[in-house]
Amino acid sequence: MNDSTWVLDGGRLIDPANGIDRIARLVLHEGKVHSIDTPDGDLPPDAGRLDVSGKIVAPGLVDLATELREPGSEEDETIQTGSNAALAGGYTTVLCCSSTKPLMDSAASVQLVRQIAQRVDGVRVLPIACLSKGRQAEQMAELGILAAAGAAGFSDTPRPMPNDALLKRALDYCRMFDLPIFDRPEVPELADGGVMHDGQIGLILGLKGLPTEAEDLAVARDVRLAEATKGRLHVGPVSTMGSIDMIGRVKSRGIRISASVCPHNLFGSDELLRSYDSRYKVHPPMRSPSHVEALRNAVAEGVIDAIESGHMPRAQEKKANDLDLAPFGASALETTLAAIATDLVETKILNWSRAIECLSTAPARIAGVEGGTLSVGANADVTVIDPSNAWSVEAKEFRSRCHSSPMTGRTLSARVTHTLVGGRLKFELHPTAAGAAS
Amino acid sequence: MDASPSPDQLSFPAAWRHPHLLDLERLSAAEILAVLRTADQLKTMTEGCRRKVPLLTGKTCANLFFENSTRTRNSFSLAAKRLGADTVEFSSSGSSVAKGETFVDTAKTIEAMGVDWVVTRHSTPGTPHLLARELDCCVLNAGDGPHEHPTQGLLDMLTILQHRIGSDWKNEAADPEKVFAGMTVALVGDIAHSRTARSNLWGLRKLGAHVIICGPPTLVSHRWEELGFEVAHRLDEIVHRCDVLNLLRIQFERQKARPFPSVYEYAALYAMNGERLRHAKDDILIMAPGPINRGVEITPEVADGPHSVILEQVTNGIAVRMASLWLLANAKENADASAENLS
């Protein structure tokens, strides 16, 4: 049997890029999408067969910002464990953050991450290199050299970019590479020391707040600079009504900017912090219910283009601390699709096609990378989803090294059953997997 | 003077069921009154918190303080000793916390030495709640950052009650809630950083008092209004309506940026001084949780004047802490006993 030739039979094929949402046979051959609806007589020889009836067949998910933490912070995550987690969550491509040690602000460190990822041979790993040298927000990193070394874009995320002039310069400069810049919108002076959403619950609990205006002001800056420079800017994750409002307005004026949101901001509110449990110390913070509601609608309406996992793994000994000391972060790759299915598809806010678009097609388009489609000839990156496989989240079963998740204990309504990268089956859900409903 | 009641006259209030005392926000009026009544009885029984009554002999109370404190820690220690318990002191300076141990591990270590209560103070809100989940013994919150300081709130309420109903309070039929129903209490000062404020405002509201939160807008969030409290920014405009003024210390150590231009300006706007006292009700009570900054939130003539009950608060602190230790230990024993009956 040729391990890169597969016939996926009986599934509901959803390919938002081509407007397809119907039962169809999908054939993968030599690492590429070979054909759709192929008659039996035209199938390549020695094909592996997957009966995916009742399941959804989608282009592999693409994550706009995954922290993989290797090299330098392997206690939090390694490229191997992060890759395993990504595959189990249905991801075939992840854009990984520059927060490694050494930082990805040199060609050598970008190449190192790519080499480790190649050896791991799991999910496709595309490095996002540093935007500023040493992530000091003082001068541009060597963006051209980093691009040549394989950087897929630039960002200091999860750190925000506090230097307006530098961001403007970089947006201008980057136009010659046609690579995107990612900004996590936050004004550090307004967010300083904050632990949770600045609202009624935070006031009652006495915890220092992250005010919405800390994000809103950064988004206002970002949209103006995107307009002024015509550069390629992605803002995200966003979490406030103010952000949505501004992004919606500039988009309606035809300005090129894209935005993303994390699943935890589409799920729960700051009320969860009443438990004082550090698994809810995530960034952006869990906001009040009105923000959650507005964000859900903004995804449905297309004001928000994409959903990113917000995977910020941190070791248990770091998270097992009081809320001031515990770092922001959570393991998210393995629950993102299921959380979106539960919180947005089950609730009829999104249909499956829009959900797949947000998790795959749009991120691939924003990052300008291959993937996000099942067009004939595209990479055979495919995710198979069982939309009626309810499971309960037990973070200790995660493949990720980080076992802290705001989704712990929830019952989610869909589960990834197969992930194929370049036509090779990289993940298959064991029928008796942990958390499976009986 | 009445003869002091003997220990066996102290009856355990049915309203109380918690093995921990973490905050007042989640207690009911009945539970708060159960603590106050028990505290009042214990104060009498110990002749004003001065004599020993062996109600908790053989038990051990650990003071686990990750933040500086002298008065609260000594008050808890004395409360434990008055009831015959042993105490063990732990403070973060020079301890394992400096060596990188998490506070939960530290607390578990202390618990393993065989303690019945952990009294904890920490700069981060919620730490007592985390300990209550991790430890088997009783946990008392002695202040968690700006969140709550429940025994301070209770002792403030006990002080008000004793002044307003005096000996009637001893009468089981007396209704303390009627005392609070028509009462206006203003919390003045650094509300943003004050755990005393948060414990007082929930406790007082539950007992039916009208609570005014007063201070500069940088220290008094408008969101308190959304939560149903009266917010005022000018002390002069509310002082005549108040039955009680609780003057909270400006917590310079918790403020990263100055929320007002100068101490002089703050004192001009908010210090309780003789001039402001002239506009107050004749029987106004002036309280302060201490330590007080003389000349900042209160002038010496008011702090030492006839309306001040600051030192009574200190004595009542021991009473409330005796009551808390006793109630928690008994509630835990009752819970453990019924769990054993079930198994």
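The values are calculated or read from the model by the stated rules, or taken from the named source; none is laboratory data. These numbers come from a predicted model, not from an experiment. Backbone-built Cβ (ideal geometry, glycine too); neighbour counts: all protein chains shown. Each accessible area value is taken on the protein alone, full model and side chains, heavy atoms only, with ligands, DNA and RNA left out. Shrake-Rupley method; radii C 1.70, N 1.55, O 1.52, S 1.80 Å.
Per residue of peptide A:195-201, the mean number of Cβ atoms on other chains within 10 Å of the residue Cβ is 2. In the stretch B:254-272, the residues that give up 10 Å² or more of accessible area when the other protein chains are added, compared with the chain on its own (1.4 Å probe), are B:Lys256.
Close Lys pairs in the stretch B:152-309 (alpha-carbon distance under 22 Å; sequence gap of 8 or more, or different chains): 4.
Computed over the alpha carbons of the stretch A:70-207, Rg followed by Dmax gives 16.7, 51 Å. Inter-label distance, B:Glu340 to B:Glu237: 6.0 nm, where each label sits 7 Å from its Cα along the C-beta direction. Loop-located trypsin sites (Lys or Arg not before Pro) in the stretch A:140-248 (DSSP state other than H, G, I, E, B) with a sparse environment of at most 16 neighbouring Cβ atoms within 10 Å: A:Arg175, A:Lys230.
Shape summary of the stretch A:60-367, radius of gyration then Dmax from alpha carbon positions: 17.8, 51 Å.
A crude spin-label estimate for the pair A:Ile145 and A:Glu394, with each label 7 Å from Cα along the Cβ direction, gives 5.0 nm.
Within straight-line reach of A:Lys230, meaning a Cα separation under 13 Å, sit the following aspartates and glutamates at least 8 residues removed in sequence or on another chain: A:Asp172, A:Asp178, A:Asp222.
Each 10 Å bin from zero holds the following percent of Cα-Cα pairs in chain B: 5, 26, 34, 24, 10, 1, 0. Comparing A:Met246, A:Met286, A:Met196 in a Gaussian network model of chain A where C-alpha atoms under 10 Å apart are linked, the largest mean-square fluctuation is found at A:Met246.
Ranking A:Ser53, B:Ile110, B:Ser338 by how far each Cα lies toward the positive end of the dipole of the protein assembly as shown (charges on Cβ) leaves B:Ile110 at the top. What the Cβ-Cβ distance of A:Gln316 and A:Asp192 gives, at R0 = 25 Å and to the nearest 0.05, is a FRET efficiency of 0.40. The calculated FRET efficiency for the pair A:Ala228 and A:Glu346, based on their C-beta separation and a Förster distance of 41 Å, comes to about 0.50. Dividing the summed helix terms, -39500 (n - 2.57) for each DSSP H run of n ≥ 4, by the number of residues in chain B produces a 222 nm estimate of -12000 deg cm²/dmol to the nearest 500. Partner lysines whose Cα lies under 21 Å from the Cα of A:Lys319, excluding those fewer than 8 positions away in the same chain, are identified as A:Lys101, A:Lys208, A:Lys281, A:Lys396, B:Lys99, B:Lys108. Extension gain for the segment A:Arg169 to A:Glu75, taken as residue separation times 0.36 nm less the Cα-Cα distance, is 30.3 nm to one decimal. Net length available on complete extension from B:Ser262 to B:Glu333 is 20.4 nm, with 0.36 nm assigned per residue and the Cα-Cα distance removed.
Toward the positive end of the charge dipole of the stretch B:267-313, with +1 on the Cβ of Lys and Arg and -1 on the Cβ of Asp and Glu, the farthest Cα among B:Ile292, B:Val302, B:Ala267 is that of B:Ala267. Interface burial in the stretch A:204-247 reaches 40 Å² or more for A:Ile204, A:Gly206, comparing the full protein assembly with the chain by itself; accessible area from heavy atoms with a 1.4 Å probe. The modelled label-to-label distance between B:Asp282 and A:Ser53, using points 7 Å beyond Cα along the C-beta direction, is 9.3 nm. Rounded to the nearest 20, the size of the Cβ-charge dipole of chain B about its Cα centre is 420 debye, with Lys and Arg at +1 and Asp and Glu at -1. Between chain A and chain B, roughly 1800 Å² of accessible surface gets buried, counting both sides and using a 1.4 Å probe.
Kirkwood Rh, the stretch B:231-275, all Cα pairs: how many Å?
12.1
The calculated FRET efficiency for the pair A:Arg249 and A:Ser375, based on their C-beta separation and a Förster distance of 25 Å, comes to about 0.15. Helix A:212-229 and the longest principal axis of the Cα set of chain A meet at an angle near 70°.
Under unit Cβ charges (Lys, Arg +1; Asp, Glu -1), what dipole magnitude, rounded to 20 debye, does the stretch B:152-309 have relative to its Cα centre?
Result for the stretch B:152-309 is approximately 440 debye, rounded to the nearest 20.
Once the 1.4 Å probe is applied to the protein heavy atoms, the protein assembly as shown comes out at 37 Å² accessible per residue. Under 20 Å from a label point set 7 Å out along the Cα-to-Cβ vector of A:Asp21, the amide N atoms of the stretch A:34-77 belong to A:37, A:53-62. Buried on complex formation within the stretch B:112-135 (loss of at least 50 square angstrom of accessible surface versus the isolated chain, 1.4 Å probe, ligands and nucleic acids ignored): B:Thr124, B:Pro125. Against the criterion of solvent-accessible heavy-atom surface with a 1.4 angstrom probe, B:Phe229, B:Phe252 sort, most first, into B:Phe252, B:Phe229.
Listed values for the stretch A:18-33 are Karplus-derived 3J(HN,Hα) couplings in whole Hz (6.51 cos²θ - 1.76 cosθ + 1.60, θ = phi - 60°), namely 10, x, 9, 8, 7, 5, 7, 7, 10, 10, 10, 8, 6, x, 10, 6, and x replaces Gly and Pro.
The accessible surface of the protein assembly as shown, taken with every protein chain in place and a 1.4 Å probe, is 49 percent carbon and sulfur. Place a point 7 Å from the Cα of B:Glu253 along the Cα-to-Cβ direction; which residues of the stretch B:128-166 have their backbone N under 14 Å from it? Only B:143-146 fall inside the zone, counting backbone N under 14 Å.
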